[in-house]
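FYI, it's all coordinate maths here, none of it is from the lab. None of the values given here were measured: they were computed from a predicted structure. Cβ sites come from the backbone with ideal geometry, for glycine too, and all protein chains shown count toward neighbours.
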Amino acid sequence: MDFQAKNGLSTPQVREKLLDVAERLFTEQGFSHTSVRDLTKNAGCNIAAVNYHFGGKDQLYKAMFHRHMDRVFAKQIANINKVMTSESPTLENFLETTFRTSLEALDSSDGRIPVLKLIVRENLNPHMKEKVVKLESFSNFLEQVCEALVKLVPGLSNDRAFLCFCSLQGMVLQPLLFHDFYAEIGKNVSVDIIINHMVDFAAAGIRAVAKSK
């Protein structure tokens with residue numbers, strides 16, 4: 001038995017536990033105020049496990065984001081495929097599905113919103129030289145969305161579909177990041193109302209773009 005196995009460092013459970021703990025502590029305390037000792041104490045493992053699985057705190061931080069984004073984009077792509085392989089897919093069905101997949105987090109306590117806010121903060125004020133966004137997962141999601149838009153909206157070019165994708169992402173991020181502020185000023189509208197409005201607004205905008213020169 002090698003050193004890693006003997007000391008319980010190499011098990012997948014240890015790696016996943018460290019990622020779970022990292023997600024909670026980094027979102028609660030921030031990167032700078034979370035030590036390796038904090039992480040390993042809460043994960044019930046020794047400090048060597050962080051280096052064994054991730055090569056250090058920085059790479060654990062990055063891996064936490066990558067795991068989160070892999071899950072989010074995989075769910076989005078699966079739901080997009082369901083819509084696009086249905087009998088009569090429409091732009092409204094597609095938008096409702098993609099918006100709801102993202103905004104359902106507003107009605108849950110599964111931790112997605114704190115991680116999203118941390119991703120935004122990391123991109124604005126990075127602790128690492130390399131980007132934490134996993135470009136492969138993001139690019140795949142982008143490709144799926146643009147391909148669907150072009151199929152669903154006659155006259156929409158690939159270039160315009162990309163710009164529409166950027167606008168859709170902005171529409172999703174805004175309520176995810178600021179919904180709490182709206183509630184504080186008495187504008188606590190339901191998630192269903194927000195999604196229905198976004199679908200109407202986005203569908204009209206995308207069709208107008210497709211018709212413009």
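Past 31 Å, Cα to Cα, is the threshold; run Lys41/Lys117; Lys82/Lys117; Lys62/Lys211 against it and keep the listed order. Exceeds cut-off: Lys62/Lys211.
Extension gain for the segment Leu135 to Lys187, taken as residue separation times 0.36 nm less the Cα-Cα distance, is 15.2 nm to one decimal. Under the convention that each Lys and Arg Cβ holds +1 and each Asp and Glu Cβ holds -1, the size of the dipole of the chain around its Cα centre is about 460 debye. Our compactness index for segment 46-125, the C-alpha radius of gyration over the empirical 2.2 N^0.38 Å, is 1.44. The angle separating the long axis of helix 57-84 from the principal Cα axis of greatest extent in the chain is about 30 degrees. Against the chain, whose longest principal axis comes from its Cα atoms, helix 135-152 is set at around 20 degrees. Remark on segment 1-140: Rg and Dmax equal 17.8, 57 Å (Cα only).
Report, in degrees rounded to the nearest 10, the 0 to 90 angle that the Cα long axis of helix 191-211 makes with the longest principal axis of the chain. Long axis of 191-211 versus the principal axis of the chain: about 60 degrees. In the chain, helical runs assigned H by DSSP with n ≥ 4 each contribute -39500 (n - 2.57); averaged across all residues and rounded to the nearest 500, the mean residue ellipticity at 222 nm is -24500 deg cm²/dmol.
Taken along its three principal axes, the alpha carbon spread of segment 65-211 comes to 42, 40, 26 Å, from the longest extent down to the shortest. Split the chain at each of the GluC sites (Glu not before Pro) in a DSSP loop with at most 10 other beta carbon atoms within 10 Å, and the longest piece is 1-86. Over all other residues within a Cβ to Cβ distance under 11 Å of Phe178, the charged ones net out to 0, with Lys and Arg as +1 and Asp and Glu as -1. Look at Val50, Val191 and count the other Cβ atoms within 10 Å of each Cβ; fewest to most, that gives Val191, Val50.
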